[in-house]
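Novice: Below: one structure in structure tokens.
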Amino acid sequence: MRRIVVSDYGVFIGCKGDRVVIRKKGEKILEEAAANISQVLVCTKGVSLSSAFLRLALRHGIDLVILSDSGVPLGKLSRLKKGGIKVRKEQYKAQEDWRGVYLAKQMAKAKIVNQKSLLRQLARYKASKSPEVAKRIMNTMYDMDQHVRNIERISASNTDEARGKIMFEEARAADKYWTCVKLALSDIVDFPGRKKRFDRPTDPVNVLLNYGYYLLASTVWLAVDCTPLDPYIGFLHADSSRRPALVMDLVEEFRQPVVDRAVFNVVKSGVEGLCDEGKLTTEGRKKLIKEFFGRLNTKITFRGRCQPIEYHILLQARRICQFLIGKTAEYVPFTVR
């Protein structure tokens with residue numbers, strides 16, 4: 001199944017029979033059977049769509065996702081969900097028992113394990129040119145094991161009680177991770193350390209990371225939406241009407257394997273022209289989107305199944321469902337070793 005990414009101005013999305021047709025300035029640039037399309041992602045302003053296309057998308061189960069200029073998923077058009085009451089009831093109950101605490105711990109541990117995995121790759125990359133830098137990165141990577149062990153030892157009766165303790169260890173590990181990233185990228189770009197969107201960063205690495213994390217969130221949200229799970233009822237992240245907590249929980253397992261690797265691949269070839277005054281340029285957005293979806297399509301073996309990472313995201317959402325209703329005794333978070 002194909003994903004169509006629209007990142008240019010002046011594009012019109014329509015249809016002809018059961019085929020999606022995309023034109024720019026009156027010239028046809030793409031025509032594809034609706035049955036072969038899984039998603040249309042609109043990343044920019046200046047795009048128009050016909051009502052006939054919207055009807056066609058709903059009939060064929062094509063998700064239409066709209067992103068803001070900064071990559072924030074603003075909304076999507078998809079078919080109505082049905083059923084799944086049992087899963088959602090157990091999801092609500094799990095916040096108040098051991099299952100929610102267990103899931104929160106598993107997801108936080110997975111994030112640290114994946115950070116270590118990426119640091120190991122960075123250390124190997126630096127080994128020949130900067131052996132001292134590689135050694136410092138490896139030593140820090142081993143130090144991060146302590147935070148995994150600390151999370152494993154956390155005892156709590158519900159997610160509210162456990163959340164602060166887990167987040168404390170996750171944040172300490174993240175500080176070490178980003179310090180190593182700054183060290184590894186020092187000969188390529190001046191990376192000031194991790195800054196989120198509300199910090200209004202202007203450096204290319206943080207701008208790319210923030211946009212990439214929103215792309216990942218929209219991908220995970222679509223996966224969660226394919227299950228009966230409530231995207232706003234989380235375990236590691238606190239409930240909020242402004243943020244889908246469960247989506248952000250599952251995002252933690254895939255930040256490093258998808259977004260961080262994609263961003264590092266982009267900046268390795270140079271950062272000139274990627275962003276301007278704290279915003280991605282059109283060229284920067286295109287480069288990141290290409291690397292991002294390249295990572296999603298990368299096949300990785302996890303739990304005996306060699307699948308694209310994007311399919312592993314969907315499988316993980318389904319496995320949360322199975323764990324919550326007691327079909328499986330454990331939930332194994334996604335990790336790359």
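The values are calculated or read from the model by the stated rules, or taken from the named source; none is laboratory data. Note that this is a predicted model, so its numbers are computed, not measured. Every residue, glycine as well, gets a Cβ built from its backbone with ideal geometry; the counts of neighbours run over all protein chains shown. These accessible areas exclude ligands, DNA and RNA; they are computed on the full protein's heavy atoms, side chains included. Shrake-Rupley method; radii C 1.70, N 1.55, O 1.52, S 1.80 Å.
Novice: Tally up the residues in the range 80-125 that are under 30 Å from HIS147 (Cβ atoms), exposed (fewer than 14 other Cβ atoms within 10 Å of the Cβ) and of a type in the set (Lys, Arg), please.
Specialist: Residues flagged as under 30 Å from HIS147 (Cβ atoms), exposed (fewer than 14 other Cβ atoms within 10 Å of the Cβ) and of a type in the set (Lys, Arg) within the range 80-125 amount to 2.
Novice: If you don't mind, there's one more thing I want to ask. So if I check each of TYR102, TYR142, which one is among the aromatic types (Phe, Trp, Tyr), more than 19 Å from ASP260 (Cβ to Cβ) and touching a residue at least 40 places away in the same chain (Cβ under 8 Å)?
Specialist: Of TYR102, TYR142, the one residue that is among the aromatic types (Phe, Trp, Tyr), more than 19 Å from ASP260 (Cβ to Cβ) and touching a residue at least 40 places away in the same chain (Cβ under 8 Å) is TYR102.
Novice: Okay, moving on. On the given criteria, is VAL205 closer than 15 Å to VAL72 by Cα, in a helix (DSSP H, G or I) and either open to solvent by less than 10 Å² (accessible area, probe 1.4 Å) or at pLDDT below 95 (or both)?
Specialist: no
Novice: Which residue is farthest from SER38 (Cα to Cα), if the candidates are limited to the range 71-104 and must be in contact with a strand residue (DSSP E or B) (Cβ under 8 Å, 6 or more places away or on another chain) and among the aliphatic types (A, V, I, L, M)?
Specialist: If we take residues in the range 71-104 being in contact with a strand residue (DSSP E or B) (Cβ under 8 Å, 6 or more places away or on another chain) and among the aliphatic types (A, V, I, L, M), then LEU74 is farthest from SER38 (Cα to Cα).
Novice: Filter the range 282-326 down to the residues that are over 30 Å from GLY270 (Cβ atoms), assigned to a helix (DSSP H, G or I) and open to solvent by 70 Å² or more (accessible area, probe 1.4 Å) and list them by number.
Specialist: TYR311, ARG318, GLN322
Novice: How many residues does the range 217-232 contain that are open to solvent by 40 Å² or more (accessible area, probe 1.4 Å) and β-branched (Val, Ile, Thr)?
Specialist: Adding up the residues that qualify gives 0.
Novice: Still on this model: Quick one: in the range 233-272, of everything that is touching a Lys or Arg at 6+ places or on another chain (Cβ under 9 Å) and of a type in the set (Asp, Glu), which residue is surrounded by the most Cβ atoms within 10 Å (Cβ to Cβ)?
Specialist: GLU253
Novice: Next question, about the same structure. Condition check: more than 21 Å from GLY234 (Cβ to Cβ), open to solvent by 20 Å² or more (accessible area, probe 1.4 Å), of a type in the set (A, V, I, L, M) and touching an Asp or Glu at 6+ places or on another chain (Cβ under 8 Å). Does LEU77 satisfy that?
Specialist: So LEU77 fits the description; yes.
Novice: Sticking with this structure for a sec: Of everything in the range 126-136 that's aliphatic (A, V, I, L, M) and open to solvent by 20 Å² or more (accessible area, probe 1.4 Å), which residue is farthest from TRP178 (Cα to Cα)?
Specialist: Among those that are aliphatic (A, V, I, L, M) and open to solvent by 20 Å² or more (accessible area, probe 1.4 Å), it is ALA127.
Novice: Six or more apart or on different chains, Cβ under 7 Å: which pairs go from a residue in the range 160-177 that's among the β-branched types (Val, Ile, Thr) to one that's in a helix (DSSP H, G or I)? Could you list them?
Specialist: Filtered contacts from the range 160-177: ILE166/ALA104; ILE166/LYS105; ILE166/ALA108; ILE166/ILE151.
Novice: I've got another one for you. Given the criteria among the β-branched types (Val, Ile, Thr), closer than 30 Å to VAL271 by Cα and either in contact (Cβ under 8 Å) with a residue 24 or more places away in the chain or not in a loop (DSSP other than H, G, I, E, B) (or both), does THR227 qualify?
Specialist: So THR227 does not fit the description; no.
Novice: Need pairs with beta-carbon distance below 6 Å; first residue over 13 Å from LEU49 (Cα atoms) and within the range 1-13, second of a type in the set (A, V, I, L, M, F, W, C) and not in a strand (DSSP E or B); sequence gap 6+ or separate chains.
Specialist: Going by the 6 Å Cβ cut-off, the qualifying pairs are VAL5/ILE289; SER7/CYS43.
Novice: Within the range 112-119, is even one residue part of a helix (DSSP H, G or I), hydroxyl-bearing (Ser, Thr, Tyr), at pLDDT 95 or above and closer than 21 Å to VAL336 by Cβ?
Specialist: Yes: the range 112-119 contains one or more residues that are part of a helix (DSSP H, G or I), hydroxyl-bearing (Ser, Thr, Tyr), at pLDDT 95 or above and closer than 21 Å to VAL336 by Cβ.
Novice: In the range 230-260, which residues are assigned to a loop (DSSP other than H, G, I, E, B) and of a type in the set (Asp, Glu)?
Specialist: The answer is ASP230, ASP239, GLU252, GLU253.
Novice: Out of all the residues in the range 39-57, which are open to solvent by 30 Å² or more (accessible area, probe 1.4 Å) and either more than 24 Å from LEU215 (Cα to Cα) or in contact with a Lys or Arg (Cβ under 6 Å, 6 or more places away or on another chain) (or both)?
Specialist: Result: SER51, ALA52, ARG55.
Novice: Would you call VAL65 in a strand (DSSP E or B), closer than 28 Å to TYR232 by Cβ and in contact with a Phe, Trp or Tyr (Cβ under 9 Å, 6 or more places away or on another chain)?
Specialist: The answer is yes for VAL65.
Novice: Tell me the strands (runs of 3 or more DSSP E) entirely within the range 1-54 that contain at least 2 residues that are closer than 22 Å to PHE293 by Cβ and touching a helix residue (DSSP H, G or I) at 6+ places or on another chain (Cβ under 8 Å).
Specialist: 2-6, 37-42
Novice: Confirm whether THR159 is within 23 Å of ILE233 (Cβ to Cβ) and either loosely packed, with under 13 Cβ neighbours inside 10 Å or polar (S, T, N, Q) (or both).
Specialist: Criteria met by THR159.
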